[in-house]
Every structure is written in structure tokens, then in C-alpha cells.
Amino acid sequence: MSHTFTHNLVALKTIVRREIMRIVRIWSQTLIPPAITASLYFIIFGTVIGSHLHNVHGYPYMTYLVPGLVMMQIITNSYGNITSSFFGAKFQRFVEEMLVSPTPSWVILSGYIIGAMVRGLTLGVIVLLISTAFTSLHVEHPLITLTTAMLTSMVFALAGFVNAVFAKKFDDIAIVPSFVLTPLTYLGGVFYSIDQLGEPWHTISLANPILYMVNAFRYGMLGVSDIHIGVAYAVMAFFAVTLGGFGLFLLHRGIGMRS
Amino acid sequence: MTQAPALEITDLRKTYSNGTEALKGVSLTVQPGDFFALLGPNGAGKSTLIGILSSLVNASGGTAKIFGVSIHEQRSQAMHLIGLVPQEINFNQFEKPFDICVNAAGFYGIPRAEAMRRAEKYLKELRLWDKAQHPARSLSGGMKRRLMIARAMMNEPKLLILDEPTAGVDIEIRRSMWQFVTGINKAGTTVILTTHYLEEAEQLCRNIAIIDHGSIVENTGMKQLLSKLDVETFVLDTSELPAALSDVDGIELRRVDDHTLEAEMARGHDLNSLFAMLSDKGIMVTSMRNKANRLEELFVRLVENGSKQENAA
């Protein structure tokens, strides 16, 4: 192993460990509230309202709802973790600890992305475990389920990173989740199949990238989807590459961090 | 083989996006092992210069090399050689000092076991070991400053840059900090210091550069600089002074109050005539001291000259 590789690996492990320690340190903010929210969705939408609904794509509504709620938590927590953590590092200026060190930009970005993915995917697992109290768990295609969860988490961690880089005050990291992420998630097939929508809403929904991710994950778990799985992977890959490249560019140029 | 300078800056320039020209072609050399003072009034360009060296500020032009390694072309290697103690507190206030130090070492690729050993060593040397597991936000101002020094030492840098590290720190802690920094300088670490306490620079540093309005206005040895000071003012505490006192040959006297006298004279002037005159008048001198820090006098003159030239231009 080269000297540089070893150094970068130590730096990466340091950032990831620090991110995980942060998630654990403030567990009452990072892990518990999303689990409570997901439980409420299962009770209200799954049990109370869902019991009056027809099957969707051959599955009871509660079972159909599980992949959507898992993805919802993966998306919001991956995004929220990195925005609060990286913006906090900027706000308290300890991001400078990394900027003055030999750690390359890609290692810093990877460390924060992995940290955000750990939280997003942990919440995904927690929601899956909670769902077993309401319905039986189906995983038709484990590999698709896992890769979709990971890719989605990565995409939204990257998007959150870009948000944190440009944010100048705490309000700036709340605007996107409130006015963009939440509406897109609710309208991204978490609670329904777009086959149930008439035109033009069906076509309009196809412009929502979250729809592709939720449906790919639902395909992985239940084997049903409104979207062709290949198209869903292409959309996720496109966003992962574009946002990853943009995030690296921002970090390398020090935009929002260096004068 | 001659060792490369610890720091070699050539024609370094920085113009901010708002048009402010913070550095106007600064050139500077610091030799290995030096304890170097970089002084200047607020807004002179000190922090911009340090920011460029530590890669927090992008230079608009010029070059900078740390022990012969370019900070622009070989950034990673150059950053391994530097330790930075910034002016502002910039660690995670929610973390513990021990973790802050260990993490900082991690960013330099130092394995965790070695990082933990170094963290213990430097926190102990800077008298912070008993606070190592407390949240950093609970530390006092002086402790936070010392923590930043301990953190900067984690990669055991060849060049340590201290940007006003003693601002707002009481005298005792300041002394213990300087004891530590002097020790590592003697052990071979080159130190660059900016401070507002000019007596510190005079006591600690061997060489000095004064920067003003983005340009170096003086760059020389501390002794050579101080030898340029041609006038000294002494303050004498005396028994009761008469209402009027005439000047003694070559010494200008100012009566401050009934028991205090100021005497301004050329550097090296004979003081015997002053004491003889006071003795003749039955005035007893109980104590005597330099009115101002010598470096401070020079600093003020150089900066005032710089401002006059700037205004004239």
C-alpha cells in the first residue's frame, strides 16, 4: 500500500468516525424522531386509512407503503445529516481543520457522504424493523433493494452537501428540505402508484427524480414498479455523478470556505 | 548541502473579490530554526498572508514555498510541514480536547494509536490533560488557545505559525504558552508569530518583518531594528519636584506631576548630567524605567511613515 493511500485511508476513517460519533452523541435528535414519525405513518396511513383501501399492484396498502416510507426516511436523513453537520463545521469554522491539512477534497467529501449514508441507511433499517409490527416483510430482489437504497442515500447526501456549501445561515439549510424535498418526496410515489393518477399529473410526476428512486426500491422489495428499473438506475447514476462532480468542484475551489 | 528556507515568499499578491488589495507583492524569507515576528496594524495583511500559507486564502499571484515545497504545486506535501494556530477559535466546541487532537492528527494520516500518544503528550505539556475529556466549550479562553496549540502540534510541524495566539490571555498563561513555544523552537521548529503584544515579539523573536497596507515596510533582525531607535524616554519617580525645571544639555525634561519626571534623550546619551542636576536641586530619584516598549516606538513610527507615504501617493 502506498504512503498516500494509507494517509488518505486514515483521514477518511477519521471523518467517518467523527460523523458517526456525532450521530450517536445526539441520538435523540438523529435517530428517535424519524422512527416516531415513521411509526405514526404506519398507524395512520397504513392501519387506520389503509384498511379502507384496495390492494395496490396486488399488495395490501400497508405492505405497499413500507418501501415508500423507508425511502422517505433514507432521503430526509441522508440530506439532513450532511447539511447540519457540514454547515455546523463551517459555522464553527472547524472545517478549517480539514482545509489546512493535506487531506484531499475527495476524501473530505467521501467522509461526509459515508457519514450521511450511515444515518440514512440506519434509519431505513429502523423503519423496516418497525414495519414488521404492521406487516410481513418482502424482499424480492435483495441486490436491487440494497443498491437502490445506497444510491439514493448517496444522491441526497451529495445534494445536502451542495446545500451546506452555499448556506450562509441556518435558515438556508431549512429552506430546501421544507420547500423542495418534502413536496417532492410526498409527490414521489411514497404513498401511491402514479398509475392511479390521471393526466396531466401522471406525466408531471415523471419529472420528479424521487419517483424513480422510490419505485426502484419498491421493485427491489415487492417486485412492482411504475418505472422501468433500468431507467430508474440511469436517473440515480446521473444524479450521483453530476452532484458528486459538482461537490468535488466546490470543495476543491473552496467555494463558501476559502477566501 | 544548504537547507531550503523555512519560508520563501516571492511577490505574493491578494486582491479580494470586493477589490481590496490585501497583499501588494510581498517577498519574505524565514530561515530554518528562526523565531520570526510578523507585525502590522489591524488590516495590514498579516492574516491574509497566513491564510495563503495555510491554504485558507487563494493567492492572486506570486509564490510561496515551505522548506522548498511549493504550497501551490505540491500542496499536500507543504501542508504536512505546517502547523497553524489561528486567530479565531475554530474547533468543534461539542467535542472533547482529546478527540479534537486525535482527529486533527487523523487529517494528517497519523495512525490512531500514535495520534492518541501525541494528544496525551501535548495536552500534558500545555497543562490541559485534566480537561482532556471535558467538552471543549467548557474550557476558559486561555485553555482554548492552548488547545489550538496542542492541535497544531499533532503533525509535529517543521514550521509553526501562530496568529495572535495570546489575544485576551492572562499573563501567567501567556508565559506558560511562550515557555512551550520557546521549547519547541529550541528543539528545531521554526516559529512565525503575529502578536499585538510587541514586548513579546521583542523578547522572543530573532527576526522581524513589519507589514502595512499589504507591503513589507521593514524586514530585518530584531537587534538591528532596535538599534535604529535613536531616541529613548525614561520615566523617573522622584521626591517632590519644583514647579519649573530647565532642560539639561541634550536631555528634554517634562514634569508629569509633583513626583514624576520624563526625560527624552538620544539613545546612549550620558545620564550622569541629569542625575547631577537633580542631585544639585535636592531631588531624589526613587525609581526609573523605559516609558514605552522600544519595539512599540519603532513600530508606530514605521507604520505612521507608511501611512503618510500612502496618503501622499
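The values are calculated or read from the model by the stated rules, or taken from the named source; none is laboratory data. In this text the structure is predicted, and so the values were computed from the model without any measurement. Quick reminder, even Gly has a Cβ in these numbers, built from the backbone with ideal geometry, and neighbours come from all protein chains shown.
Would the range A:93-106 turn up any residue that is modelled with pLDDT under 95, touching a Ser or Thr at 6+ places or on another chain (Cβ under 8 Å) and under 22 Å from residue A:211 (Cα atoms)?
no
Filter the range B:103-119 down to residues that are within 28 Å of the chain's Cα centre (by Cα), more than 7 Å from every other protein chain (Cβ to nearest Cβ) and either surrounded by fewer than 23 Cβ atoms within 10 Å (Cβ to Cβ) or touching a residue at least 40 places away in the same chain (Cβ under 8 Å) (or both), then give me how many there are.
Total satisfying the criteria: 2.
Restrict the check to the range B:292-303 and report whether at least one residue is exposed (fewer than 13 other Cβ atoms within 10 Å of the Cβ) and at pLDDT below 85.
The answer is no; no qualifying residue exists.
When you look at residue B:85, is it more than 10 Å from chain A (Cβ to nearest Cβ), within 27 Å of residue A:18 (Cβ to Cβ), buried (at least 18 other Cβ atoms within 10 Å of the Cβ) and among the hydrophobic types (A, V, I, L, M, F, W, C), yes or no?
yes
In the range B:228-249, what count of residues is obtained for those that are exposed (fewer than 12 other Cβ atoms within 10 Å of the Cβ) and either among the small types (Gly, Ala, Ser) or out of contact with any Lys or Arg (no Cβ under 6 Å at 6 or more places or on another chain) (or both)?
Count: 6.
When the residues of the range A:207-226 are narrowed to those that are of a type in the set (A, V, I, L, M) and within 19 Å of the chain's Cα centre (by Cα), which ends up surrounded by the fewest Cβ atoms within 10 Å (Cβ to Cβ)?
A:207
Please specify each residue of the range B:1-42 satisfying the condition of being within 14 Å of chain A (Cβ to nearest Cβ) and either assigned to a loop (DSSP other than H, G, I, E, B) or not hydrophobic (A, V, I, L, M, F, W, C) (or both).
Within the range B:1-42, B:13, B:14, B:15, B:16, B:17, B:18, B:19, B:20, B:21 meet the criteria.
What is the one condition in (1) surrounded by 19 or more Cβ atoms within 10 Å (Cβ to Cβ); (2) closer than 25 Å to residue B:7 by Cα that residue B:98 does not satisfy?
So the condition that residue B:98 fails would be (2).
Answer yes if at least one residue in the range A:117-132 is modelled with pLDDT of 95 or more, within 30 Å of residue B:155 (Cα to Cα) and either outside any loop (DSSP other than H, G, I, E, B) or not aliphatic (A, V, I, L, M) (or both), and no otherwise.
Yes, the range A:117-132 contains at least one residue that is modelled with pLDDT of 95 or more, within 30 Å of residue B:155 (Cα to Cα) and either outside any loop (DSSP other than H, G, I, E, B) or not aliphatic (A, V, I, L, M) (or both).
When you go through (1) away from chain A (no Cβ under 14 Å); (2) acidic (Asp, Glu); (3) part of a loop (DSSP other than H, G, I, E, B) one by one for residue B:95, which number turns out not to apply?
With respect to (1) away from chain A (no Cβ under 14 Å); (2) acidic (Asp, Glu); (3) part of a loop (DSSP other than H, G, I, E, B), residue B:95 is out only on (1).
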